[in-house]
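These notes concern the structure reproduced below.
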Amino acid sequence: MSNYFEYVASIMPQLLLGLKVTLQMTVVSLALAVVVGMASCMFSISKVKPLNWISGVYLSIIRGTPLMVQSFFIYFGLTAALDFRISIFKAAVIVLCLNAGAYLSEIFRSGIAAVNKGQMEAARSLGLPYGVAMRKVILPQAIRIVIPSVLNQFIITLKDTSILSAIGCMELMKQSMMIVSRNFRSFETYAVIAVMYYVVVMVLTKIFKIIERRLSN
């Protein structure tokens, strides 16, 4: 048993480095995904048909293809076709941003749909333009409704980062794979990262529940 704990202590610095990258990827990609998701949502509910089409194609592609395929296409395929290179971290953030943005788009759209239609009618009757009414009346209520789903998407994206090890991103899963390739102690190593993921997700879940309770008051 003491040998096991010594082993865990020896690999922990490398795993913590991977966890740091995992959290950075998650935070940055989700921040961008909120912007992408809201833009896609506005396109989807717009009365301008080309905007509807753009949003529809984007959502269809993202929801219809696996995250790993998207990562390979962007990091290997698209960069080769356009003859430019980007860092693995940036490619990973782009992939996670586009993927999470598609699901956030639907979350935002459902939140807007959940707001009583009379709210928009009342705002328009007061002389507010559609854009102003949406921004100052509808969206604040919709965002309050979708906060739990947005926070849940954060956890989903955090777990999705492990897939980006396929393109060489040095997150937690990739670091563990490198450790196993050196010492072949797969059971012990993967048991440790499973616990690490579990602890992080449980901590975030507790924090998000506190946030939800405060927002509901």
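Some observations on this one:
- Sole residue being in a helix (DSSP H, G or I), surrounded by 14 or more Cβ atoms within 10 Å (Cβ to Cβ) and either acidic (D, E) or out of contact with any Phe, Trp or Tyr (no Cβ under 8 Å at 6 or more places or on another chain) (or both), chosen from L139, L51, L128: L139
- Residue match in segment 23-46 (condition: surrounded by 13 or more Cβ atoms within 10 Å (Cβ to Cβ) and outside any helix (DSSP H, G or I)): yes
- Unique match (being surrounded by fewer than 20 Cβ atoms within 10 Å (Cβ to Cβ), of a type in the set (G, A, S) and part of a helix (DSSP H, G or I)) among G101, G111, G118: G118
- Within the set S165, S176, the sole residue that is polar (S, T, N, Q), part of a helix (DSSP H, G or I), farther than 22 Å from G37 by Cα and free of Cβ contacts under 8 Å to residues at least 40 places away in the same chain turns out to be S165.
- Within segment 54-93, tally of residues that are buried (at least 16 other Cβ atoms within 10 Å of the Cβ) and without any contact (Cβ under 8 Å) to a residue 40 or more places away in the chain: 3
- Residues that are surrounded by 17 or more Cβ atoms within 10 Å (Cβ to Cβ) and of a type outside the set (S, T, N, Q), drawn from segment 1-22: I11, L15, G18, L19, V21
- Within segment 43-86, the set of residues being of a type in the set (A, V, I, L, M, F, W, C), within 28 Å of Y130 (Cα to Cα) and more than 19 Å from the chain's Cα centre (by Cα) comprises F43, I45, V48, L51, W53, I54, V57.
- Reported count of residues in segment 1-11, each being of a type in the set (A, V, I, L, M), without any contact (Cβ under 8 Å) to a residue 12 or more places away in the chain and in a helix (DSSP H, G or I), is 1.
- Checking every residue in segment 188-199 against the condition of being surrounded by 13 or more Cβ atoms within 10 Å (Cβ to Cβ), of a type outside the set (A, V, I, L, M) and outside any helix (DSSP H, G or I) gives zero matches.
- Output for segment 18-42, where each listed residue is of a type outside the set (A, V, I, L, M) and more than 10 Å from the chain's Cα centre (by Cα): G18, K20, T22, Q24, G37, S40, C41
Taken together, the values in this text are just the output of simple stated rules run on the coordinates, not laboratory data. What you are looking at is a predicted structure, and each value in this text was computed from that prediction instead of being measured. So basically every Cβ, Gly included, is an ideal-geometry build from the backbone, and we count neighbours across all protein chains shown.
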